[in-house]
C-alpha cells in the first residue's frame with residue numbers, strides 16, 4: 001500500500017485540502033503566537049516533502065529532508081508531550097509560545113482525544129514520506 005503512488009497523490013491532495021480548510025479555524029494572524037507560525041511553516045514544508053515523495057520530484061537535498069524529519073518529529077510531538085506531563089504546572093508556557101495543541105488535560109474530553117488520535121494517525125503517512133525523501137537511496 002505504501003508503494004502505490006496514486007494513493008500518495010490522493011493523500012497529498014487530501015492533505016492540501018485539510019491544511020487549507022484548517023487555516024481559517026486558527027483565527028486572524030494578529031492572534032497567532034510564534035509557535036503557531038512555526039507549526040504552519042513546518043506543515044507547509046511537510047506538504048512540499050509529501051509532494052516530492054508522491055510525485056517523485058527532487059525538492060531540496062536529502063540532507064535537508066533528514067534534518068527536517070527529525071525537527072518535525074520534535075515540533076509536532078512536543079506540545080502533546082508537554083500537555084500530558086506535569087511540566088505544564090511547574091513551567092507554564094509564556095504567552096508568545098502558547099499553542100492550540102497545548103491543552104489542559106483536566107478538561108480533555110473524549111471527543112477531543114478522538115480528534116487528537118485521528119490527527120496523529122493521519123500524520124503518520126507524512127512522516128513516512130518525509131523519512132523516505134530524506135533517506136532515499138542514491139543510485
Residues 75, 34 arranged by fewest to most Cβ contacts within 10 Å: 34, 75
FRET efficiency, 1/(1 + (r/R0)^6) with R0 22 Å, evaluated for residue 6 and residue 37 via beta carbons: 0.05
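Evaluate E = 1/(1 + (r/R0)^6) for residue 117 and residue 62, where r is the Cβ-Cβ distance and R0 equals 35 Å; express this FRET efficiency to the nearest 0.05. Please list the in-between numbers first.
Values: r = 31 Å, r/R0 = 0.90.
With R0 = 35 Å, the Cβ-Cβ based efficiency is 0.65.
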Sequence of 80, 72 once ranked by neighbouring C-beta atoms within 10 Å, starting from the fewest: 80, 72
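FYI, it's all coordinate maths here, none of it is from the lab. Remember, predicted model here, so these are calculated numbers, not experimental data. FYI the Cβ positions are ideal-geometry reconstructions off the backbone, even for glycines, and counts take in every protein chain you see.
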